[in-house]
Amino acid sequence: MDVVTLLWQRVGKIRVLAVLALVAALAAGVVVATWDSGKKVDPVNAAADAALPRATDGAPASPSASAPASEQASAQSKAQDAAAAAAAQAKAAEDAARKKKEEEETSRSVTRTLGPPTYPIPAACDIYKGKNDNKWRGCGLLHVAGFGIDQMGPCLEKLWDKESHWTTTARNRSSGAYGIAQALPGSKMASVASDWSWNPETQIKWGLGYIKGRYKTPCAAWSHSQSTGWY
């Protein structure tokens, strides 16, 4: 082999090595570029980097970031408590209404037989006899309660005409007041007798007692009703 051939072979090997070195350098450059365009985190410190706080949606991390969630939970808890209280109140009202209805039904179940008066009725009261039996009995009970007959026509008659028209089942739709004397609630009249829901004598006795305790006389009660609209 001559010298020229030997030199050519060596030059060929050098070119191959140079090409390989160039390829390796290019590859290393790509790797470095790829590494550089990432998170720039040293793999050795990857665990420590993961523990660092991260901003959300571009905003810096803040210790108070959980505050809105805490406030929302508190508001939800308060709303639940208010709903529970309202439900308990509604149930209590429903129970009271049911009890009242049961009491009224019990009262109505009593035999509704009203016999002749067992108390004296003055002759002056006969102007109501045969026209309005409740007023006739009321006039007699007024006398029994110790009031003068002069308290009947000008005062008591007008007072309860205004309140109930002397009707035993009269009920005020807005307040719930019941009976001739418009007791509120009607069950108050059970203090006189259990037949308070229908018996005019029971209702009149209770009404006269109420008037005597609060206004002294039917005329005083009527005067108050005229000036205020109630008694």
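Only the coordinates and a few stated rules stand behind these numbers; no lab work does. Just so you know, these numbers come straight off a predicted model, no measurement behind them.
Taking H as built 1.01 Å from N, whose amide H comes closer than 5 Å to the amide H of ALA183, not counting residues under 5 places away?
Placed amide hydrogens put TYR178 under 5 Å from ALA183.
Over all alpha-carbon pairs of the stretch 79-231, lay out the pair-distance distribution in 10 Å bins, whole %, shortest bin first.
Histogram of Cα-Cα distances, whole percents per bin: 11, 37, 29, 14, 6, 3, 0.
Please tell me the relative contact order of the stretch 165-228 in percent, rounded to the nearest whole number, where contacts are Cα pairs under 8 Å and at least six residues apart.
So the answer I get is 21 percent.
Given Cα positions, please report Rg to Rh for the stretch 173-224, the hydrodynamic radius being the Kirkwood one.
0.98
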